[in-house]
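Peer 1: Before I ask anything, let me first share the structure, which is written out below as structure tokens.
The values are calculated or read from the model by the stated rules, or taken from the named source; none is laboratory data. Just so you know, these numbers come straight off a predicted model, no measurement behind them. Please note: Cβ atoms are built from the backbone with ideal geometry, for glycine as well, and neighbour counts cover all protein chains shown. For accessibility, only protein heavy atoms count, side chains too; no ligands or nucleic acids. Shrake-Rupley method; radii C 1.70, N 1.55, O 1.52, S 1.80 Å.
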Amino acid sequence: MKKLLAKIAVVSLTLSLLGAPSYAAAKSIELKLSHATPRSSTWHQGAEKFVSIIKEKTSAKYDIKIYPSDELSGGNQVAGIELLQTGVTDIHMQDALVWSAIAKKSILPCFPWLLPTYKDVDAAMRGEGGKAMKKVINEMGVVCLAIGENGYRQVVNNRNPIQKPADMKGLKIRVPGSNVHVNLLKYIGADPITMNQSEVYTSLQQGTIDACENTIDLLFTQNTLEVVKFISLWNYSYDPIYFSVSTELWERLSAEEKKIFQEAATEAMAYQVKVTREKDLQLRKRLGEYKVKVVSELSPEGLQAFKKAVAPIYKDYKKEFGEEIFKQFGYKF
């Protein structure tokens, strides 16, 4: 009887091993997802959403680790994109301003007051404009799956309230490495300086620069509001996020996995856009927590003066970028 039971046990164990799903025994495939902002940002929330969806839809086949603040490239944002291009990083999130150092036309959505409302943004980024930007990014040897939202960029400074171009004359203002923003701020009369985000807080504190511009979310999460006196909510430039994967990873995925990754990226970035807009509204109400004087919006006269000052930037890039790509964002020369 004991021998019979032993044989049954061996047979049962063998059958259970043979019948076990392969993914249960297989080791998860590790992937790296890098983005440029702190864990407290909505970028990170979007990344976490993507990781969660992929884990569920692939039965945990992929173990995706998130690296915030461009940790993998030592805080160098452009180098972070290059790591994606070479396949060192598998998945990456970066905004248009930084991407423009590598893919010049990716800056299009950020042109001054081109997309002044969320209605304009959604029409462009969910339509022909968004398709055009994905193509631009893909031409750089990666695969752009979806577009998220960094948001409208605001200006903070330590010199004076900003309500008209004259208020920015000679203002030493930090900008990311975007030639478009350097040039348009020069047209306004400011003195733009490019530097890494990691240097901004100390530079404002020590007076090396007078001002910087960024989204409200990042002005909060990077503690910039601790070291400035004035903020103007002027919505001068809309900044999207390009969610991309390396070509190396994309080519390794099966057709079914590509579908899962595409759908996960689309869902995660739709969620990220939603929480970004909700957070923007919440943070505007919290500006009173800081010792900053707030210009809540530009007057119609002030807005027109700024638009007139930066108008030449469109003509500057008309020849380089071509009229057609501007048309895809609703701009006519």
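Peer 1: As a test of the definition: which semi-axes, in Å, follow for the chain when you take the square root of five times each eigenvalue of its alpha carbon gyration tensor? Largest first, please.
Peer 2: 45, 22, 17
Peer 1: Using a 7 Å offset from Cα along Cα-Cβ at Glu226, what residues in the stretch 191-218 end up with backbone N under 11 Å from the label point?
Peer 2: 201-202, by backbone N distance to the label point.
Peer 1: Give me the percent of the accessible area of the chain that comes from carbon and sulfur atoms, probe 1.4 Å, all protein chains in place. Provide the component values of the computation, followed by the final result.
Peer 2: Details: 8450 of 16030 Å².
So the carbon and sulfur contribution to the accessible surface is 53 percent.
Peer 1: Let me ask something else. Mean separation of Cα pairs under 8 Å and 6+ residues apart, divided by the residue count of the chain: what relative contact order is that in percent?
Peer 2: Relative CO of the chain lands at 23 percent.
Peer 1: Pick out which of Gln222, Gln77, Gln304 has the largest mean-square fluctuation in a Gaussian network model of the chain, springs linking Cα atoms closer than 10 Å.
Peer 2: Looking only at Gln222, Gln77, Gln304, the biggest GNM fluctuation is shown by Gln304.
Peer 1: If you don't mind, another one. Once you've got the Cα coordinates, tell me which of Lys49/Lys308; Lys55/Lys104; Lys259/Lys332; Lys119/Lys259; Lys105/Lys285 are over 32 Å apart.
Peer 2: Details: Lys49/Lys308 41 Å; Lys55/Lys104 34 Å; Lys259/Lys332 36 Å; Lys119/Lys259 29 Å; Lys105/Lys285 35 Å.
Beyond 32 Å between Cα atoms: Lys49/Lys308; Lys55/Lys104; Lys259/Lys332; Lys105/Lys285.
Peer 1: How big is the Kirkwood radius of the stretch 69-194, worked out from every pair of different alpha carbons and given in Å to one decimal?
Peer 2: 16.0
Peer 1: For Arg277 and Ile29 in the same chain, what is the full-extension length gain: residue separation times 0.36 nm, less their Cα-Cα distance, in nm? Walk me through the intermediate numbers first.
Peer 2: On the way: separation 248, 0.36 × 248 = 89.28 nm, distance 3.37 nm.
Extra length available between Arg277 and Ile29 comes to 85.9 nm.
Peer 1: Continuing with the same structure: Given charges of +1 on the Cβ of Lys and Arg and -1 on the Cβ of Asp and Glu, with all other atoms neutral, how large is the dipole of the stretch 164-253 about its Cα centre, in debye to the nearest 20?
Peer 2: Details: 7 positive and 10 negative charges, 69 e Å.
Charge dipole of the stretch 164-253: 320 debye, to the nearest 20.
Peer 1: Quickly work out the Lys293-to-Ala270 label distance, labels modelled 7 Å from Cα along the C-beta direction, and quote it in nm with one decimal.
Peer 2: Here the modelled spin labels are 4.5 nm apart.
Peer 1: While we're here: Per residue Cα convex hull volume for the stretch 67-127, in cubic angstrom? Kindly include the intermediate steps, with their values, before the conclusion.
Peer 2: Details: hull volume 6.6 nm³, N = 61.
Residue-normalised Cα hull volume stands at 109 Å³.
Peer 1: Moving on to the next point. Counting heavy atoms of the protein chains only and a 1.4 Å probe, report the per residue accessible area for the stretch 122-275 as a whole number of Å².
Peer 2: 37
Peer 1: Specify whether the C-alpha gyration tensor of the stretch 237-321 places it in the rounded, prolate or oblate class, a ≥ b ≥ c being the square roots of the eigenvalues: rounded for a/c under 1.5, otherwise prolate if a/b is larger than b/c and oblate if not.
Peer 2: oblate
Peer 1: When the gyration tensor of the stretch 187-295 is built from Cα positions, what are the square roots of 5 times its three eigenvalues, in whole Å, from largest to smallest?
Peer 2: So the equivalent ellipsoid measures 35, 18, 12 Å along its semi-axes.
Peer 1: Angle check, please: helix 2-19 long axis (alpha carbons) against the longest principal axis of the chain (alpha carbons), in degrees 0 to 90, nearest 10.
Peer 2: Taking Cα atoms only, the helix is inclined about 30 degrees.
Peer 1: Averaging over every viewing direction, what projected area does the convex hull of the Cα atoms of the stretch 151-232 cover, in nm²?
Peer 2: Averaged projected area of the stretch 151-232's Cα convex hull equals 4.7 nm².
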